[in-house]
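The values are calculated or read from the model by the stated rules, or taken from the named source; none is laboratory data. What you are looking at is a predicted structure, and each value in this text was computed from that prediction instead of being measured. So basically every Cβ, Gly included, is an ideal-geometry build from the backbone, and we count neighbours across all protein chains shown. Ligands, DNA and RNA are stripped out before the accessible areas are found, and what is left, the full protein with its side chains, is counted by its heavy atoms. Shrake-Rupley method; radii C 1.70, N 1.55, O 1.52, S 1.80 Å.
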Amino acid sequence: MGSGVSRGVRRLRGRSAGVAAAVLATAGTLTLVACGGGGNGGGTTPTPRPTPPATESFTGTPPSPLSSAASSAIASARASASAAASSASARANEFEASVAARTERANQEAHKRLANVQGRGNAASDVSLTGIPRAEVGDLQAAHVNIHNSSDRTADFAVQVDFRDPDGKVVETRYVGAENVPPGQTVHPYAISHQPPQPVLKPEVAKAERY
């Protein structure tokens, strides 16, 4: 019985050794195939490596530093636009105020100029009046003073406009000035009554002086 077992063990060991030798032979053949060349002179064929994707083409939320910088840029642009709008509004107000100031100065100068003018003045024929619809001037009584410079030089003008009631009585006098009117040009300042809307008044050119 013992001798039979021993012979079985020896047979198993012999078979294992044969299997191991076969496995090693096969592995060696595979290694030679992998390292050997085909028709390229025996060199190895490099295996191509995959190219990593271009991360710059990815979409999604940017990193927080970039997001913060973009938000700051947008806020800065909005603040600049708001400041520009405020500046433009302030300049417009200043311009309107300067225009009103120049108009008032010209009207005061007209009053002084006409104080010593006898008769209707040297430019009465160059000045006419055109009525203005009340809806356009807040229900006030007003007229365009059409001043035409018929001379051959730039000139200043002073005009006196009288407003008469239905009885022909002068109830208000306004003075209108125009400065630096080019030769051959016509300007159209306003003469505005400060009287109530009623009764209806009639404006007329009382005096006009060119100087």
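Mind checking the full-extension length gain between E136 and Q198? Use 0.36 nm per residue of separation minus the Cα-Cα distance, one decimal, nm.
Net length gain for the segment: 20.6 nm.
What shape does segment 164-204 take by its C-alpha gyration tensor, where a ≥ b ≥ c are the square roots of the eigenvalues and a/c under 1.5 counts as rounded, a/b above b/c as prolate, and the rest as oblate?
Because a/c hits 1.5 or more and a/b exceeds b/c, segment 164-204 counts as prolate.
Given R₀ = 41 Å, FRET efficiency for N146-R91 by Cβ-Cβ distance, to 0.05?
0.85
Can you work out the accessible area per residue across segment 112-211, with the rest of the protein chains kept in place, probe 1.4 Å, in square angstrom?
Normalised by residue count, the accessible surface of segment 112-211 is 55 Å².
Compute the distance in nm between two label points, each set 7 Å from the Cα along the Cα-to-Cβ direction, one at T103 and one at R164.
2.7 nm
Please list, in order along segment 182-195, the HN-Hα scalar couplings obtained from phi with the Karplus expression 6.51 cos²θ - 1.76 cosθ + 1.60 (θ = phi - 60°), rounded to whole Hz, x for Gly and Pro.
x, x, x, 9, 10, 10, 9, x, 9, 10, 10, 7, 9, 7
Where a ≥ b ≥ c are the square roots of the eigenvalues of the C-alpha gyration tensor, would you call segment 96-178 rounded, which needs a/c under 1.5, or, failing that, prolate if a/b is larger than b/c, or oblate? Don't skip to the answer; put the middle values down first.
On the way: a/c = 1.56, a/b = 1.20, b/c = 1.31.
It comes out oblate by the Cα gyration axes.
Can you give the net charge of the other residues whose Cβ lies under 10 Å from the Cβ of A208, counting K and R as +1 and D and E as -1?
Residues near A208 contribute +1 overall.
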